[in-house]
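Participant: Before I ask anything, here is the structure I am working with.
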Amino acid sequence: MIKFSKKQILLLGITVAFSSLAQGQTANNRNKLWYTQPAANWNQALPIGNGRIGGMIFGNSAMERVQLNEATIWGGGPNNTIDSAARPHIKEVRELLAQKKYAEAQTAANKYLGPKGNSGMPYQLAGNLYINFPGHDDVTNYRRDLDISTATATVSYTSKGVHYKREFFTSFAGNVLMVRLSADKPGMINCVAKLQSPLTVQIISRQGTVILSGKGSDHENQKGKIRFDVLAKAKSDGGTVKTDTAGIAISNANSAVIYLSIATNFVNYHDISADPLSRVMNIMNKAYPRGFDELHRGHVRVFQSYFNRVKLNLGSTDAAAQPTDERIRNFAGNDDAQLAELYFQFGRYLLICSSQPGSQAANLQGIWNGELKGPWDSKYTININTEMNYWPSETTQLPELNGPLFDLISDVAVTGKGEAKVMYGARGWMLHHNTDIWRITGVVDGAFWGLWPTANAWLCQHIWEHYLFTGDKAFLAKYYPVMKGAAQYFIDVLQKDPDHNWLVVSPSVSPEHEYIPGKDGVSVSAGTTMDNQLVYGLFTNIMHAAKDLKMDKSFADSVAALRTKLPPMQVGKYGQLQEWLDDLDRTDDNHRHVSHLYGLFPGNQISPFRDPELFSAAKNSLLYRGDVSTGWSMAWKINLWAHLLDGNHAYKLIKDQIKPVTSGSGGTYPNFFDAHPPFQIDGNFGCTSGIAEMLVQSYDGSIQLLPAIPDDWKKGSVVGLAARGGFTVDMDWADHRITRLVIHSRIGGNCRVRTSQQLSNSILKKASGQNSNPLYRVIDIQKPIIHQNEKDLSVKLPESWLYDFDTQPGKTYRII
């Protein structure tokens, strides 16, 4: 028997107490971003939103700032950028490319095929709500946090012996931004709230309400035609509330609540006829009679109906008890997998808060932009960034949130008809690499970046993916004409490559990249690998859609015939997947775009089991390109390494992304926003998608479980990840082996599962026929194989088992 001294017992008790305290803090903070100081700048403020109204909470004790956005406040007004003089120059550039006069083709494109009229309109802030608290400069016990499980932000501190608390949320049910101010002693709420905006505005006071009326900016020869109104109104428990044009003065209250809402005259991209004041007054009149707690309960109920669908647990260590900014600084060298879990759920939080049914699609900054002209105007960059925003929507069970994206696609399928006809002489619809709330379709930012006519194919891929995950044939029938219109465009514009007689997209670019570098770099080309993959995917999806809908067979047959004439993916002299039609890649190329790897992810055209040579070449390309890059680029690479079945490399990229921002590279700001830099929200969404792809993949004809689990994630669980075919997966694992597996089937049908472990003997006995009604059937055992590529970089494919079983709609199947 071991005896302890009183001193040892005391020390042991202290150790246990501190350990319990740390565990309690970790549990309390599992879904929270929290800090011990106010935000010093915008990239430290905390985002709240409901798809329409966005707020950034700064949390200064003496002067609170809530920076305000509304999704439809943009510069300019209805317009399009169709280039009526472009068609002869398109022909000229095509001919120069066919003659391999690349520099001349670039010169002609730069001269004649740049932006016409404008380069798109900027998404703009509405303004700020400032709340001045006199005498609150010297405080203790400060804490600022964002609970992403309830979409509620809180600021608390002690000043002169009084503990103060502020709570913020943007109501999903009431479309108002709410602020509650409280203290632990009566009569201590004294403050003045005022509205401000850098836009052209007028402030009036009417019947206890402050009204800020403004308009969007003029921009690049377009008059600002968005009109908006911001309303703020308060009520208090005790004390007094006085309102005038200087703001809302609250005196000697026990607590107070501020209601704020915003509305504009925007109806759609060609209709701005609404009355913003009547809209916003209607919102306020419905919300104001309801109390903070009532609105908060409804808000949380709506939010959690989305958020609670997926749960992830990667374990936790004492590092999880630290403030979020400290965890970011230490993540690269810490055992803090729970921070990756938090980042995963933060991405889902941002998508829920920035893209709601009936709202606008999430732009480059989601709905959070603190400037009159944000980075890249905060537009829709659709050569990767807009698409990346929606990568986690299906896999993490947020399919309804695609609605604003599908609305955008429907709009540009209309506005893009003029672009296709006038600029390219084609049927169908098209647009280039950028659009905005007015759904422009012309070249933006010059031909070097903007002469990319394949955005329609990528956007249509999201339509097809939604169908694959949901099996919703009514949805597919609704959007089939959109897909068909994009395919008709390519039928008319594909050009015959003189060297191989392949059909190629010309002119185009491999997004934002050049194959002849230098001061006069050349990007304009024909038959880039990404274009070939996108058109191949679009034609393939048309063929399957027509078959599933039992319609349009002749059109499907025509695209099937054209598909055989598209260029194949090619392996170049370095063993890499070629980015261009000719073998022009360089081994010293670390460009942020990896567009030629679209076929690996998010496309489904490169399989480790079906295409080992292309799979190996894609890995080579990614190795040559390197890891550290801009934030969204690293997020894409997480997904790519997950599809290369390398969880350790994917996790290395996660650690590269979740690190403090330094000059010249991406990372993560203290408020968890992704840095390009500056802030671009696509990196947040891309990382969330990548973590989902590390755990479950379903693009390759089966649901592959734990395909890229890193060594550091030895034990964990996930609930609710979605797979194509209408399935969701619940799974526990330990020592990289699945210990619990439940599959839910929403629409029924065959379910095929690939695992890296052999399932239980009882299952194998059922499959071998000893049970008259076997649930599981072993259909393949893949032995470990090594594919040696041309650069002696081997790709090892793990041993795996492939199982089949039949499912019924709405049934749940416990497999392990």
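Participant: Taking into account only those residues within segment 305-347 that are charged (D, E, K, R) and part of a helix (DSSP H, G or I), which is nearest to Gly667 (Cα to Cα)?
Facilitator: First, pick out the residues of segment 305-347 that are charged (D, E, K, R): 309, 311, 318, 325-327, 329, 335-336, 341.
Then drop every residue that is not part of a helix (DSSP H, G or I), which leaves 318, 325-327, 329, 341.
Numbers: Asp318: 23, Asp325: 13, Glu326: 14, Arg327: 13, Arg329: 11, Glu341: 17 Å.
Per the stated criteria, the residue is Arg329.
Participant: Related question: List pairs: first in segment 610-630 and on the phi > 0 side of the Ramachandran plot, second surrounded by fewer than 23 Cβ atoms within 10 Å (Cβ to Cβ) and part of a loop (DSSP other than H, G, I, E, B), Cβ under 7 Å, 6+ apart or cross-chain?
Facilitator: Gly626/Asn590
Participant: Okay, next question. Residues Pro511, Pro517: which one is closer than 29 Å to Glu92 by Cβ and over 30 Å from the mean Cα position of the chain (by Cα)? Spell out the reasoning first.
Facilitator: On the way: Pro511 fails: over 30 Å from the mean Cα position of the chain (by Cα).
That would be Pro517, the only listed residue that is closer than 29 Å to Glu92 by Cβ and over 30 Å from the mean Cα position of the chain (by Cα).
Participant: From the set of residues in segment 81-131 that are assigned to a loop (DSSP other than H, G, I, E, B) and small (Gly, Ala, Ser), which is surrounded by the fewest Cβ atoms within 10 Å (Cβ to Cβ)? Write out each step before concluding.
Facilitator: Filtering segment 81-131 down to residues assigned to a loop (DSSP other than H, G, I, E, B) leaves 81-86, 99-101, 113-122, 124-126.
With small (Gly, Ala, Ser) added as a condition, the list becomes 84-86, 114, 117, 119-120, 126.
Values: Ser84: 9, Ala85: 11, Ala86: 21, Gly114: 20, Gly117: 15, Ser119: 23, Gly120: 30, Ala126: 27.
Out of the qualifying residues, it is Ser84.
Participant: Quick check, is Lys783 at pLDDT 75 or above and surrounded by 14 or more Cβ atoms within 10 Å (Cβ to Cβ)? Working first, answer last.
Facilitator: Working: at pLDDT 75 or above: yes; surrounded by 14 or more Cβ atoms within 10 Å (Cβ to Cβ): no.
It is false that Lys783 is at pLDDT 75 or above and surrounded by 14 or more Cβ atoms within 10 Å (Cβ to Cβ).
Participant: Further question: Could you say which residue among Phe679, Phe609 is aromatic (Phe, Trp, Tyr) and within 30 Å of Leu741 (Cα to Cα)?
Facilitator: On the way: Phe679 fails: within 30 Å of Leu741 (Cα to Cα).
Only one candidate passes the filter, namely Phe609.
Participant: Can you tell me which of Trp438, Trp429 is among the hydrophobic types (A, V, I, L, M, F, W, C), in a loop (DSSP other than H, G, I, E, B) and either open to solvent by 10 Å² or more (accessible area, probe 1.4 Å) or closer than 26 Å to Arg52 by Cα (or both)? Walk me through it before giving the result.
Facilitator: Numbers: Trp429 fails: either open to solvent by 10 Å² or more (accessible area, probe 1.4 Å) or closer than 26 Å to Arg52 by Cα (or both).
Unique residue meeting the criteria: Trp438.
Participant: While we're here: Could you list all residues from segment 441-464 that are assigned to a helix (DSSP H, G or I) and open to solvent by 10 Å² or more (accessible area, probe 1.4 Å)?
Facilitator: Phe448, Trp449, Gln461, His462, Trp464
Participant: Looking at Lys547, Lys519, which is the one that is more than 30 Å from Pro399 (Cβ to Cβ) and either at pLDDT below 95 or outside any loop (DSSP other than H, G, I, E, B) (or both)? Full working, then the answer.
Facilitator: Details: Lys547 fails: more than 30 Å from Pro399 (Cβ to Cβ).
After applying the criteria, what remains is Lys519.
Participant: May I pose another question? Just give me the residues in segment 596-625 being under 26 Å from Ile382 (Cβ atoms), buried (at least 24 other Cβ atoms within 10 Å of the Cβ) and among the polar types (S, T, N, Q), in sequence order.
Facilitator: Matches in segment 596-625: Ser621 only.
Participant: Just to check your reading of the model, which residue among Asn69, Asn60 is open to solvent by less than 10 Å² (accessible area, probe 1.4 Å), at pLDDT 95 or above and not in a helix (DSSP H, G or I)?
Facilitator: Numbers: Asn60 fails: open to solvent by less than 10 Å² (accessible area, probe 1.4 Å).
Step by step, each of Asn69, Asn60 is checked, and only Asn69 is open to solvent by less than 10 Å² (accessible area, probe 1.4 Å), at pLDDT 95 or above and not in a helix (DSSP H, G or I).
Condition check ((1) open to solvent by less than 10 Å² (accessible area, probe 1.4 Å); (2) aliphatic (A, V, I, L, M); (3) at pLDDT 95 or above; (4) in contact with a His (Cβ under 6 Å, 6 or more places away or on another chain)) across all residues:
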residue: His299; (1), (2), (3), (4): yes, no, yes, no
residue: Gln322; (1), (2), (3), (4): no, no, yes, no
residue: Asp325; (1), (2), (3), (4): no, no, yes, no
residue: Phe331; (1), (2), (3), (4): yes, no, yes, no
residue: Tyr349; (1), (2), (3), (4): yes, no, yes, no
residue: Pro375; (1), (2), (3), (4): no, no, no, no
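Participant: Can you tell me which residues in segment 1-54 are β-branched (Val, Ile, Thr), over 20 Å from Gln67 (Cβ atoms) and either out of contact with any helix residue (DSSP H, G or I) (no Cβ under 6 Å at 6 or more places or on another chain) or modelled with pLDDT of 95 or more (or both)? Please lay out each step first, then the result.
Facilitator: At the first step, the residues of segment 1-54 found to be β-branched (Val, Ile, Thr) are 2, 9, 14-16, 26, 36, 48, 53.
Right, trim to over 20 Å from Gln67 (Cβ atoms) and you get 2, 9, 14-16, 26, 36.
Of everything in segment 1-54, those that are β-branched (Val, Ile, Thr), over 20 Å from Gln67 (Cβ atoms) and either out of contact with any helix residue (DSSP H, G or I) (no Cβ under 6 Å at 6 or more places or on another chain) or modelled with pLDDT of 95 or more (or both) turn out to be Ile2, Ile9, Ile14, Thr15, Val16, Thr36.
Participant: I need the strands (runs of 3 or more DSSP E) fully contained in segment 198-304, keeping only those with at least 3 residues that are closer than 30 Å to Ile437 by Cα and touching a strand residue (DSSP E or B) at 6+ places or on another chain (Cβ under 6 Å). Can you show your working first?
Facilitator: On the way: elements: 200-206, 209-215, 227-237, 240-244, 247-253, 255-264.
Where strands (runs of 3 or more DSSP E) fall fully within segment 198-304 and carry at least 3 residues being closer than 30 Å to Ile437 by Cα and touching a strand residue (DSSP E or B) at 6+ places or on another chain (Cβ under 6 Å), they are 200-206, 209-215, 227-237, 255-264.
Participant: Please specify each residue of segment 308-320 satisfying the condition of being within 23 Å of Thr170 (Cβ to Cβ) and open to solvent by 10 Å² or more (accessible area, probe 1.4 Å). Please lay out each step first, then the result.
Facilitator: Within segment 308-320, the first condition is being within 23 Å of Thr170 (Cβ to Cβ), and the residues that meet it are 308-310.
Passing the criteria: Asn308, Arg309.
Participant: Is there any pair with a first residue in segment 695-709 that is on the phi < 0 side of the Ramachandran plot and touching a residue at least 40 places away in the same chain (Cβ under 8 Å) and a second that is open to solvent by 20 Å² or more (accessible area, probe 1.4 Å) and small (Gly, Ala, Ser) whose Cβ atoms are under 9 Å apart and which are 6 or more apart or on different chains, and what are they?
Facilitator: Matching pairs, first to second residue: Ile703/Gly725; Gln704/Ser756; Leu705/Ser756; Pro707/Ser756; Ile709/Ser756.
Participant: Let me ask another. Would you confirm whether any residue within segment 476-494 is in contact (Cβ under 8 Å) with a residue 12 or more places away in the chain and more than 22 Å from Ala556 (Cβ to Cβ)?
Facilitator: Within segment 476-494, not a single residue is in contact (Cβ under 8 Å) with a residue 12 or more places away in the chain and more than 22 Å from Ala556 (Cβ to Cβ).
Participant: In segment 660-671, how many are buried (at least 21 other Cβ atoms within 10 Å of the Cβ) and touching a Gly at 6+ places or on another chain (Cβ under 9 Å)?
Facilitator: Going through segment 660-671, the residues buried (at least 21 other Cβ atoms within 10 Å of the Cβ) turn out to be 661, 666-671.
So of that shortlist, the ones also touching a Gly at 6+ places or on another chain (Cβ under 9 Å) come out as 661, 666-668.
Result for segment 660-671: 4.
The values are calculated or read from the model by the stated rules, or taken from the named source; none is laboratory data. Quick caveat: nothing in here was measured; it's all calculated off a predicted structure. With ideal geometry, Cβ positions are generated from the backbone for all residues, glycine too; neighbour counts draw on all protein chains shown. Side chains are part of the model used for accessible areas, which takes the heavy atoms of the whole protein and leaves out ligands, DNA and RNA. Shrake-Rupley method; radii C 1.70, N 1.55, O 1.52, S 1.80 Å.
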